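Visitor: My questions all concern the structure below.
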Amino acid sequence: MSLQTIKDDFELLDEWEDRYRYVIELGRQLPPLEAAEKCEATKVRGCASQVWLVVDPAEGDGEAPFRFRGESDAHIVQGLIAILKAIYDGRTPSEVLGTDAVAIFAELGLSNHLTPQRSNGLKSMIERIRSEAQAMSAA
């Protein structure tokens, strides 16, 4: 799903309860990770719930598309991962580093409707993605 589709769908939903349900539905559309992929190396620190992000190896040079997959044991967080995929997945590492996901979440209004723990977890996921992109662009 594209980021623009998510933004358009958010505009159609007036109630925050409906928007939360939509975020949860986005998360349900993500394929699960393999059990072996849920390990300490892929676990995101700083999240109240369990979160794993797996960055798929880039083929080609440092500007090959950035690809990642993720999973969480919390429905809302799984939906946040789906939105992060719409923001970052398939972009080059330099595009990832040049994209302000926090601003996009604020534009969607999600920043104001997440608990402090969820906001911290979201920032941890963004930092992890940016760190992985930085490592890819340096390779």
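Visitor: In segment 112-123, is there at least one residue being at pLDDT 95 or above, of a type in the set (D, E, K, R), assigned to a helix (DSSP H, G or I) and out of contact with any Leu (no Cβ under 9 Å at 6 or more places or on another chain)?
Guide: yes
Visitor: Let me ask another. Counting just the residues of segment 57-75 that are modelled with pLDDT under 95 and under 19 Å from S124 (Cβ atoms), which one comes out nearest to the chain's Cα centre (by Cα)?
Guide: Across segment 57-75, the extreme among qualifying residues is F68.
Visitor: So V54 clears everything in (1) modelled with pLDDT of 95 or more; (2) touching a helix residue (DSSP H, G or I) at 6+ places or on another chain (Cβ under 7 Å); (3) over 22 Å from A138 (Cα atoms) except one condition, right? Which one?
Guide: Going through (1) modelled with pLDDT of 95 or more; (2) touching a helix residue (DSSP H, G or I) at 6+ places or on another chain (Cβ under 7 Å); (3) over 22 Å from A138 (Cα atoms) one by one, V54 breaks only (3).
Visitor: Would you say G27 is among the small types (G, A, S), outside any helix (DSSP H, G or I) and touching a residue at least 12 places away in the same chain (Cβ under 8 Å)?
Guide: Here the answer is no, as G27 does not meet what is asked.
Visitor: List every residue pair whose Cβ atoms sit under 6 Å apart, with the two residues 6 or more apart in sequence or on different chains, where the first one lies in segment 103-119 and is within 19 Å of L12 (Cβ to Cβ) and the second, anywhere, is aliphatic (A, V, I, L, M).
Guide: I104/I87
Visitor: Hey, any hits in segment 59-69 for a residue that's assigned to a helix (DSSP H, G or I), among the basic types (K, R) and either at positive phi or surrounded by 17 or more Cβ atoms within 10 Å (Cβ to Cβ) (or both)?
Guide: For segment 59-69, residues assigned to a helix (DSSP H, G or I), among the basic types (K, R) and either at positive phi or surrounded by 17 or more Cβ atoms within 10 Å (Cβ to Cβ) (or both): absent.
Visitor: Kindly provide the set of residues from segment 2-29 that are closer than 23 Å to G90 by Cα and surrounded by 13 or more Cβ atoms within 10 Å (Cβ to Cβ), ordered by number.
Guide: L3, I6, K7, D9, F10, Y22, V23, I24, E25, L26, G27, listed by residue number.
Visitor: Here is a list of conditions, (1) part of a loop (DSSP other than H, G, I, E, B); (2) at negative phi; (3) surrounded by 14 or more Cβ atoms within 10 Å (Cβ to Cβ); (4) not hydroxyl-bearing (S, T, Y), and V55 meets all of them except one; can you say which number that is?
Guide: Exception for V55: condition (1).
Visitor: If I ask for residues that are of a type in the set (A, V, I, L, M) and not in a helix (DSSP H, G or I), which ones from segment 70-87 would you list?
Guide: Within segment 70-87, A74 is the sole residue that qualifies.
Visitor: Is one or more of the residues making up segment 79-94 surrounded by fewer than 18 Cβ atoms within 10 Å (Cβ to Cβ), under 22 Å from M1 (Cα atoms), β-branched (V, I, T) and without any contact (Cβ under 8 Å) to a residue 60 or more places away in the chain?
Guide: no
The values are calculated or read from the model by the stated rules, or taken from the named source; none is laboratory data. Fair warning: this is a prediction, and the values are worked out from it, not measured in the lab. All Cβ positions, glycine included, derive from the backbone under ideal geometry; neighbour counts span all protein chains shown.
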